[in-house]
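Encoded as C-alpha cells, the structure appears first; notes follow it.
What follows is calculated from the coordinates using simple rules that are stated; it is not laboratory data. Just so it is clear, the model here is predicted, and its values are computed rather than measured. No Cβ is skipped: glycine too gets one built from the backbone with ideal geometry, and neighbour counts run over all protein chains shown.
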Amino acid sequence: MTQQTLLACALDKIDAANRADPNVELVAGEPLPKEYAYSLHMTRWLHELEAEPSERMQIACRAQHIERWTMPRSEFPEGRKGYYEWRQACGRMHGRRAAEVMGECGYPQDECERVETILTKRELRKDEDTQLLEDVACMVFLERYFADFYEQKADYYREKWLRIVRRTWGKMSPRGHEAALKLAEGMPAHLLALLQEALAESGK
C-alpha cells in the first residue's frame, strides 16, 4: 500500500467504528453518531491549528474518542478520583484501538506505538504531538460542548466553573491560547465573561 492508502484505510476503519455509536449529535441539523461527529470536529480543528498535519496526528485526532461509549463513566466511582480513573482508562483504550487499526492497515509497529503513546497523553507538555492533540481537544470542547455543559451543570458554583476554565486553559499551548481567544469572541456573553474572569484572576 502507498502511504496515502494506509492513511485512508486507518481513517475509514476509525470512522466505521465510531459510526456504531448509538448516541446522536446534531451537526448542522443532521443527526450523526456522537463519536463520529466528535472525530470530524477533531479533524477540522487539527487542520485549523496545523497547516500540514502528519499522518500520525490525523489518525490520533480521529481516534481521540474511538468507541468511547463502550466504556461509560457510570462504570467508575463517583467523584473526581473516579472521573480521572475513567479518563485514563479511556485514553489507554483509545490508544490500544488506534494501534490495532493501524496494524490492520499495514503501518509499522513503531508508528502504531507512537500513536498509542500520543493518545494516552503520558507525555503532555513534553511531546509536541501530544500537546497538539490536547490543543485540538480543548478547542473542540470550547466550540462544541462548553455551552451545553454549562447548561447541564447549572448547579455548579461559580468558583468551580472558574477552576474548569483555568484547568482547560492550563492544558493548552500558546498556539491553542491564541485560537481560543479568537473563538471566544463569538461566545455567548455569559461564557465570555466567565472566560475573562478566569483568565484575569490567573494573571493571563
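Quote the relative contact order of the stretch 43-97 in percent (integer), defining contacts as alpha-carbon pairs under 8 Å separated by 6+ residues.
So the answer I get is 34 percent.
Under a point spin-label approximation (7 Å from Cα along Cα-to-Cβ), what is the A200-E52 distance to one decimal in nm?
4.3 nm
For the residues T2, T168, what sequence is obtained by ranking on other C-beta atoms within 10 Å, fewest first?
The most exposed by this proxy come first: T2, T168.
Report, in debye and to the nearest 20, how large the dipole of the chain comes out about its Cα centre when Lys and Arg carry +1 and Asp and Glu carry -1 on their Cβ.
Around 740 debye, computed over the chain.
Are there cysteines in the chain with no second cysteine's Cβ under 4.7 Å away, and if so, which?
C61, C90, C112, C138
Which distance in nm do the two modelled labels at E123 and Q152 give, with both placed 7 Å along the Cα-to-Cβ direction?
With each label placed 7 Å out from Cα toward Cβ, I get 3.2 nm.
Could you state, as a whole-number percent, how many of the C-alpha pairs of the chain are farther apart than 28 Å?
Counting pairs separated by more than 28 Å, the tail of P(r) holds 28 percent.
So between R73 and Q88, what do we pick up on full extension, going 0.36 nm a residue minus the alpha carbon distance?
Stretched out fully, the R73 to Q88 stretch lengthens by 4.3 nm.
With +1 on the Cβ of every Lys and Arg and -1 on the Cβ of every Asp and Glu, and nothing else charged, how large is the dipole of the stretch 137-204 about its Cα centre, in debye rounded to the nearest 20?
It comes to approximately 300 debye.
Would you please put 91-97, 62-68, 113-119 in order of how densely packed they are, using the mean number of other Cβ atoms within 10 angstrom per residue and starting with the highest?
62-68, 113-119, 91-97
Pick out, from W45, Y83, P31, the residue whose Cα sits farthest towards the positive end of the charge dipole of the chain, with +1 on the Cβ of Lys and Arg and -1 on the Cβ of Asp and Glu.
In the chain, that residue is Y83.
Where the only charges are on Cβ atoms (+1 Lys, Arg; -1 Asp, Glu), what is the dipole of the stretch 1-96 about its Cα centre, to the nearest 20 debye?
380 debye
I'd like the Kirkwood hydrodynamic radius of the stretch 137-204, using the inverse of the mean 1/r over distinct C-alpha pairs, in Å.
The answer is 12.1 Å.
Would you mind computing, in nm to one decimal, how far apart the modelled labels at D12 and E178 are, each placed 7 Å from Cα along Cα→Cβ?
Here the answer is 3.7 nm between the modelled labels.
Quick check: the angle from helix 109-120's long axis to the longest principal axis of the chain, C-alpha only, nearest 10 degrees?
Around 20 degrees separate the two axes.
Pick out which of S39, S173, S74 has the largest mean-square fluctuation in a Gaussian network model of the chain, springs linking Cα atoms closer than 10 Å.
S74
Roughly speaking, what % of Cα-Cα pairs in the stretch 1-120 are separated by over 26 Å, rounded to a whole number?
Cα-Cα pairs of the stretch 1-120 separated by over 26 Å account for 21 percent.
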